[in-house]
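Where a number appears in this text, it was derived from the coordinates with a stated rule and is not lab data. The structure presented is a predicted model; accordingly, all values stated were derived computationally and were not measured. So basically every Cβ, Gly included, is an ideal-geometry build from the backbone, and we count neighbours across all protein chains shown.
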Amino acid sequence: MRIDQTAAIITGGASGLGEATARHFRKHGAQVTILDRDAQRGAATAKDIGATFVETDVTDEASVAHAIATAKAHMGQITAAVNCAGIATGEKTLGKNGPHDLAAFRRTVDINLIGSFNVARLAAAEIAGNDPGPHGARGVIINTASIAAFDGQKGQAAYAASKGGIVGLSLPMARDLAREGIRVMAIAPGIFLTPMMQGLPQEVQDQLAQDVTFPKRLGDPAEYAALARFIVECDYLNGDVIRLDGALRMQ
């Protein structure tokens, strides 16, 4: 699938990895619709790159259905869905103040895992209606996992569980959607220089970079975007998870 013939919805597209992906896709000719809860930043980003914006709560079925319908109306079709919306929760299973807050755990899983699945399933229903290309290809879904899914650190029980679910989705969802000609992949980023990371003191960023095997720096969101584009264009990538982490293995 060529990127300049792609019509993509990108959740979390108002900032971080999602914004980088939206900008990269538009730069290379794709149509893009940004789905995000941040109406002000989402609208500004969409205007800046020539995309469409729809305020969206990925955990809400009606909200996502409306966003997908709007995206199709603007782009004519949907051939790619990239799930970047997510939150990070830091809390131990049993901390100084008692057991992990159950609502915080549930919210993390609800946004990161259930929200991604909600978008993926509704996008798949739309993509399945596309005319088939070579070998019956109709589109691709890219979910965002994390290296925390494999070696989560202390305080990452909720986050690692939600991202581990994304890893577990990749193969069965790809098998489910094979008949419709829809591929499913996941990217597991390491430590990336997102707005949240940029808010940390420089010495903390430098220390985190030193833990990376090579190159000893934090990931650039543009590298995530480039990998997402490669997945879109490489029709033989399916049902798997790609770590994008400079060989970092968290202790």
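Miscellaneous remarks
- Residue list for segment 77-94, restricted to those being out of contact with any Ser or Thr (no Cβ under 9 Å at 6 or more places or on another chain) and either within 27 Å of Val54 (Cβ to Cβ) or touching a residue at least 24 places away in the same chain (Cβ under 8 Å) (or both): Gln77, Gly90, Glu91, Lys92, Thr93
- Residues (closer than 19 Å to Gln31 by Cβ, buried (at least 17 other Cβ atoms within 10 Å of the Cβ) and small (Gly, Ala, Ser)) located in segment 54-96: Ala67, Ala71, Ala80, Ala81
- From Arg41, Arg23, residue being over 17 Å from the mean Cα position of the chain (by Cα) and among the basic types (Lys, Arg): Arg41
- Within segment 210-238, tally of residues that are under 20 Å from the mean Cα position of the chain (by Cα) and either part of a helix (DSSP H, G or I) or over 25 Å from His28 (Cα atoms) (or both): 13
- Scan of segment 54-76 for residues that are in contact (Cβ under 8 Å) with a residue 40 or more places away in the chain and hydrophobic (A, V, I, L, M, F, W, C), ordered by number: Val58, Val64, Ala65, Ala67, Ile68, Ala71, Met75
- Considering residues of segment 23-53 that are in contact (Cβ under 8 Å) with a residue 40 or more places away in the chain and either touching a Pro at 6+ places or on another chain (Cβ under 7 Å) or assigned to a helix (DSSP H, G or I) (or both) only, the residue nearest to Glu126 (Cα to Cα): Phe25
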